[in-house]
Amino acid sequence: MRTALSGLTTRGRSFLAAGIAAAVCAVVLGQRDLLRVGFLLAALPLVAVLVVARTRHLVTSTRGLEPARVAAGHESQVRLRVDNVSRIPTGLLMLEDHVPYVLGSRPRFVLDRIEPHGYRQVAYRVRSDLRGKFTVGPLRLRLADPFGMCELTRSFAARDTLVVTPVVQQLPAVDLGGEWTGYGDGNSRSLASAGEEDVVPREYRHGDDVRRVHWRSTARRGELMVRREEQSWQNQATLLLDTRLSVHRGEGPSSSFEWAVSTAASIGVHLCRRGYTTHLIAADGRRLAGPPEGLRTAPAETESFLLDALAVVDAKHTESLDGAEMTLRQPGGEGMAVAVLANLTEDDTRRLARARSTAGRGLAIVLDTAAWESVPMPGALPHEVAVGMLRQAGWRVLPASAATRLPDLWRGAGRSSESPVRGASFGTYGTSLSGSEYRA
């Protein structure tokens, strides 16, 4: 009741004060009619307080985002619905939804009275040029009685998350050749969860059919084991994003790091839609996204994992690619490898060369960060030198700059592009490298 009384407006407080004063004067002067007027003036704001306090607990709200995942620079619509579940109409309603400043200003709405068991709907749009995950809400609702005597604020607890992903560009379906698409002998594929029979046992999971229990393995291991039946082949791809803070230039949405993130998102979505089981890793070897180990996910679900991870990825203070090399050289990283790189040192190229010899197939997109900022990175190779060394190591390299259009660049990944040279050896920077000379 104390909280409700604190919601009295200036008008309500004036009526209450006038009523009390009239009642006191009526008692002093012995005027019954004035006492009735005083009671009426004092009762009106108190009744308004009771009505608003009761209505405050009988108003519900729901929120919907359409869509809940949107690319940077695109809009999403937020729909709010306010329901009056009481048997009496509400007074004036004022809505204010909390949104982060990057999505725009806070939306405010004024609603007329809502009839009993009625509802009102409002909508507004949000837009962000920055990727990330943003919390929308909670909704604040200010209720007032029809006479303007009392106003109370109610804050709902419901919040929703808007995921702003990097911009994804549509890549052309180039002919990557049999080695890339899974029709040659050199293709690396993994087992998924439907297809040819395989009796290799695995641990029992909740929901497995008890008829698939492999009793011999169960007796040997001392725990329930089931047969992994009906396995099928599925292409593998590992996507490396250079998340080292020191190698990128520029700030904000126009930085080289954001260009690299958008490129990784476009390539990852393209590979997922072509049926690849795609894993995203960072420069330090951390696994950022991908289907759970041993489980098969639909391409659309893998694509969602990838975009959610790239929406919040940040550049880290990592110095080398040793972690990425270790991940690419693991047995699980033996499929196709795609790397989005920037400002490589000689040590980086050697690590990528060793990872390339294990991974089997590799495509590297190397950014020329001088297009963003001309300040060179200490110890970094010139762009042309780094590209040449990676090509000698067996990578298929696509040089890129700030003005490069990714769909045009991706056409260079086709079978008609330059074939990589295998078995190249590294010399010292500035000297002959397997018969070809690159100088600063």
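The values are calculated or read from the model by the stated rules, or taken from the named source; none is laboratory data. It should be emphasised that the depicted structure is a prediction, and the values quoted were computed from it without experimental measurement. Note that we place each Cβ from the backbone using ideal geometry, even for glycine, and neighbour counts take in every protein chain shown. Accessible surface is based on the protein model in full, side chains and every heavy atom, while ligands, DNA and RNA are left aside. Shrake-Rupley method; radii C 1.70, N 1.55, O 1.52, S 1.80 Å.
Every residue, every condition in (1) over 20 Å from residue 303 (Cα atoms); (2) modelled with pLDDT of 50 or more; (3) open to solvent by less than 30 Å² (accessible area, probe 1.4 Å), yes or no:
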residue	(1), (2), (3)
180	no, no, yes
203	yes, yes, no
224	yes, yes, no
231	yes, no, yes
242	no, yes, yes
247	yes, yes, yes
Inset, instruction - Name every residue in the stretch 279-288 that is out of contact with any Ser or Thr (no Cβ under 6 Å at 6 or more places or on another chain) and either assigned to a loop (DSSP other than H, G, I, E, B) or open to solvent by less than 10 Å² (accessible area, probe 1.4 Å) (or both), in order of residue number. - result: 280, 286
Inset, instruction - List the strands (runs of 3 or more DSSP E) that sit entirely inside the stretch 13-84 and contain at least 2 residues that are open to solvent by 30 Å² or more (accessible area, probe 1.4 Å) and modelled with pLDDT of 90 or more. - result: 59-66, 75-84
Inset, instruction - Report the residue count in the stretch 85-95 for those that are part of a strand (DSSP E or B) and surrounded by fewer than 16 Cβ atoms within 10 Å (Cβ to Cβ). - result: 1
Inset, instruction - Check residue 299 against each of (1) within 14 Å of the chain's Cα centre (by Cα); (2) modelled with pLDDT under 90 and name the one condition it does not meet. - result: (1)
Inset, instruction - Could you check, for the stretch 2-10, whether at least one of its residues is open to solvent by less than 30 Å² (accessible area, probe 1.4 Å) and in a helix (DSSP H, G or I)? - result: yes
Inset, instruction - Please tell me if residue 163 is at pLDDT 90 or above, part of a loop (DSSP other than H, G, I, E, B) and of a type in the set (A, V, I, L, M). - result: no
Legend entry - the stretch 317-363, subset aliphatic (A, V, I, L, M) and in a strand (DSSP E or B), residue modelled with the lowest pLDDT: 336
Inset, instruction - Would you be able to say whether some residue in the stretch 336-359 is of a type in the set (Val, Ile, Thr), farther than 17 Å from residue 246 by Cβ and surrounded by fewer than 21 Cβ atoms within 10 Å (Cβ to Cβ)? - result: yes
Inset, instruction - Give the stretch 249-274 a look and list any residue that's in a loop (DSSP other than H, G, I, E, B) and at pLDDT 90 or above, or say none. - result: 249, 255
Legend entry - Within the stretch 364-388, considering residues that are assigned to a helix (DSSP H, G or I) and open to solvent by 50 Å² or more (accessible area, probe 1.4 Å), the one nearest to residue 328 (Cα to Cα): 384
Legend entry - Members of the stretch 101-154 that are of a type in the set (Ser, Thr, Tyr), crowded, with 16+ Cβ neighbours inside 10 Å and part of a loop (DSSP other than H, G, I, E, B): 128
